[in-house]
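Q: Following this message is one structure expressed as structure tokens.
The values are calculated or read from the model by the stated rules, or taken from the named source; none is laboratory data. Note that the structure is a prediction, hence the values are computed from the model and not measured. When we count neighbours, we look across all protein chains shown, and the Cβ atoms used for this are built from the backbone with ideal geometry, even at glycine.
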Amino acid sequence: MTNSICAPSFLPDTAVLEITKRCSHSCLFCSCPWYSSNWDSAQDLGTDEWKEIIFEFAQNGVFRFSFSGGECTLRDDFEELLKFTSQLRIKAAHCTDNGIDWREREPDIVILSNGKNLTRDTILLFHSINAHLSISLPGLSTFPELTGTNGTAKHVLDCFKTCEEIGLSTTAAITVTKKNFFELYETISAALISGAGSILLNRYLPGGRGLSHPELRLDYEEIKQIPVIAEDVLKQAK
């Protein structure tokens, strides 16, 4: 085959790094497996261990790193891990009119957060490394019940406003359940009005802690309505 080159590995281009099991929310719908009663949980990996893993991925052509958890911002070394990752230069395939060649590129960094620990300073840090921030927004009035906290959706919405002001790209990640389905239209609308750049809709899937809450399961008709509701919001936004 002409104009072909060998990839450094058969790994995908994206790695999701669940760097801690700790979390500041107790979401009823959480599918993290370590919240399942039969999960044999181990200690979180250390700073050097994660750096070694990230570097090894980068050496093998992985260029997109999503930091998750638990709540990844709870780690004391989170800023250190972000900066380490952002300073890597990764050889990735690049298509041109003349074929394919290798070019060095900066990594894409995505941060998945529940928003509770986010401040203007952390948002500025994310912006400085050209990261993308995804914040969970599981409802408005249902936010405290679904997250198992006494917090409100206002802090998350305020974070989106700050991100828009600073210029950080964002996603509002909305997990749709039986409990918050009734306010899905309002939840999507509030996220967009507050400055969220995109919306990610996930339906409740039983796993982890969510296995103990089958009452969150949507029925078939509700699942079919999710994209319809989202489309209605977007029509109004135009």
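Q: Looking only at the range 1-45, count how many residues are modelled with pLDDT of 70 or more and over 17 Å from the mean Cα position of the chain (by Cα).
A: Number of matching residues: 15.
Q: Residues Thr162, Thr177: which one is within 19 Å of Cys27 (Cβ to Cβ) and modelled with pLDDT of 95 or more?
A: None of the other options fit; the residue is Thr177.
Q: Looking at (1) of a type outside the set (D, E, K, R); (2) more than 21 Å from the chain's Cα centre (by Cα); (3) closer than 22 Å to Ile135 by Cα, which is the one condition that is false for Ser198?
A: Only one criterion is unmet by Ser198, namely (2).
Q: Then there is this: Of the residues Phe67, Phe57, which is buried (at least 21 other Cβ atoms within 10 Å of the Cβ), under 20 Å from the mean Cα position of the chain (by Cα), part of a helix (DSSP H, G or I) and of a type in the set (Phe, Trp, Tyr)?
A: Phe57
Q: Within the range 218-238, how many residues turn out to be touching a strand residue (DSSP E or B) at 6+ places or on another chain (Cβ under 9 Å), more than 12 Å from Ile188 (Cα to Cα) and not β-branched (Val, Ile, Thr)?
A: 2
Q: If I go through the range 45-54 residue by residue, how many of them are in contact with a Phe, Trp or Tyr (Cβ under 9 Å, 6 or more places away or on another chain) and either assigned to a loop (DSSP other than H, G, I, E, B) or hydrophobic (A, V, I, L, M, F, W, C) (or both)?
A: Number of matching residues: 2.
Q: Can you find even one residue in the range 110-118 that is of a type outside the set (S, T, N, Q) and out of contact with any helix residue (DSSP H, G or I) (no Cβ under 9 Å at 6 or more places or on another chain)?
A: yes
Q: Filter the range 134-163 for residues that are in contact with a Phe, Trp or Tyr (Cβ under 7 Å, 6 or more places away or on another chain) and either among the charged types (D, E, K, R) or assigned to a helix (DSSP H, G or I) (or both); which is surrounded by the fewest Cβ atoms within 10 Å (Cβ to Cβ)?
A: By that ranking, first place goes to Ala153.
Q: Also, I was wondering about something else. Need the failing condition index for Ile123 against (1) modelled with pLDDT of 95 or more; (2) in a loop (DSSP other than H, G, I, E, B), just the number.
A: In the conditions (1) modelled with pLDDT of 95 or more; (2) in a loop (DSSP other than H, G, I, E, B), Ile123 misses (2) alone.
Q: Within the range 16-38, can you find the residues that are out of contact with any Gly (no Cβ under 8 Å at 6 or more places or on another chain) and either of a type in the set (Phe, Trp, Tyr) or in a loop (DSSP other than H, G, I, E, B) (or both)?
A: Within the range 16-38, Ser24, Ser37, Asn38 qualify.
Q: Starting from the range 179-208, take each residue that is on the phi > 0 side of the Ramachandran plot and list its partners that are modelled with pLDDT of 95 or more and among the charged types (D, E, K, R), counting only C-beta distances under 8 angstrom and pairs at least six apart or across chains.
A: Close Cβ pairs satisfying both conditions: Gly195/Lys161; Gly195/Glu164; Gly195/Glu165.
Q: Can you name the condition, by its number, that Lys178 falls short on among (1) surrounded by fewer than 22 Cβ atoms within 10 Å (Cβ to Cβ); (2) of a type outside the set (Phe, Trp, Tyr); (3) part of a strand (DSSP E or B)?
A: (3)
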